[in-house]
Structure formats: C-alpha cells, structure tokens
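A short write-up of the structure that comes next.
Please treat every number below as a calculation from the coordinates, not as lab data. Keep in mind it's a predicted model, so treat the numbers as computed, not measured. Counting neighbours? That spans all protein chains shown, and the Cβs are built from the backbone with ideal geometry, glycine included.
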Amino acid sequence: MHRKLKLGIVVLGVPFLLAACGDTTEDRAVSGAGIGAATGAIIGAVTGIGPLGGALIGGAVGATAGAVTDSSQVSLGKPVWRGSASGPAGSAYDEGTVRNIQAGLQRLGYDPGPADGRYGPQTETAIRRFQQDNGLPIDGQPTAAARQQIQQRAPG
C-alpha cells in the first residue's frame, strides 16, 4: 500500500476519535466538522488531492462522526465555544432562563442550588436527574425546551 494512502487513512480516523467534543449532538457535529476539515486539509496536501478537497471531505466525515455519536459513547466535555460556568466569562446561558429552571426544579423536589440564574454543576446535575426521571434526552443543559418541560410539570 502506498505510504501516503496509509497516512491518509490513519489521519482521517482522527475526526472519528475527536468528534465527541460536546454534550449535545450539535456540539459534536460542529467540533467534528472543524477537526475533520483541519485534518482533511493536511491529508489533502500530503496525498495530492489538495488542501481544499481534503478539508471538504474531512469536514463532512467529521460532522457525520460527531452527529452519530452520543455522550454515553464518548464525551470530551463542553466545547470551549460554549463557555465555562466556572470560568471568568461566566455561563453562556441566559440568567432568566436558568433562574426559572432552578425555581421549577426546586418546586419539583430537585436540588439545583439557589435560584440565582447561575448555571453550575449542581444545576446541571438537577436538570440531568429531572430529564432522566421524565424520560427526556439527558444533556443537563438549561435550554428553553428544558424550561418548558419543567414548567409543565411544576407550574409556578
């Protein structure tokens, strides 16, 4: 087998391994596409199909790999573009939405911590437990859909 082709096959596998960055399907697809495009550009330059062709192919492969994985298979955690609840920039989520979710979870007997609008580990755990107990997809994210589900079960 040609050395460049072997290298291409090995390097193209990288997006499949790293496409799990994120807690949601969308995050994993985005991170997989980015990783795949970068990897594909390198492969394209090395194998002769060109960096642009390689990036297009790699991006498609990475996005597909990310979209078909779920966090129970592999999760490298929250991607950097989503921000960190404990970082200096604070949470990337709307404080009002988080506060409403926290208050609803408290009414339902879950313990998200104080209803202060700050999304942190205790709130994430409470959301995950609520989702699990109610047969919902488990991602622990304080989304509008999560808020709606909580409000339906614990009107305030």
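Starting from the amide H of TYR119, placed 1.01 Å from N in the peptide plane, find each other amide H under 5 Å away whose residue is 5 or more places distant or on another chain.
When sequence neighbours closer than 5 places are left aside, the close amide H contacts are SER91.
Determine ³J(HN,Hα), in whole Hz, for all residues of the stretch 92-101 in sequence, where each value follows from phi through the Karplus function 6.51 cos²θ - 1.76 cosθ + 1.60 and θ = phi - 60°; x replaces Gly and Pro.
Each residue of the stretch 92-101 in turn: 8, 9, 5, 4, x, 5, 5, 4, 5, 5 Hz.
Quick one: if the Förster radius is 41 Å, what FRET efficiency do ALA154 and ALA92 give, using the C-beta to C-beta distance and rounding to 0.05?
Working from the Cβ atoms, E equals 0.95.
Label ALA145 and THR125 with points 7 Å out from Cα along Cα→Cβ: what is the distance between them in nm?
If labels sit at ALA145 and THR125, their model points lie 2.5 nm apart.
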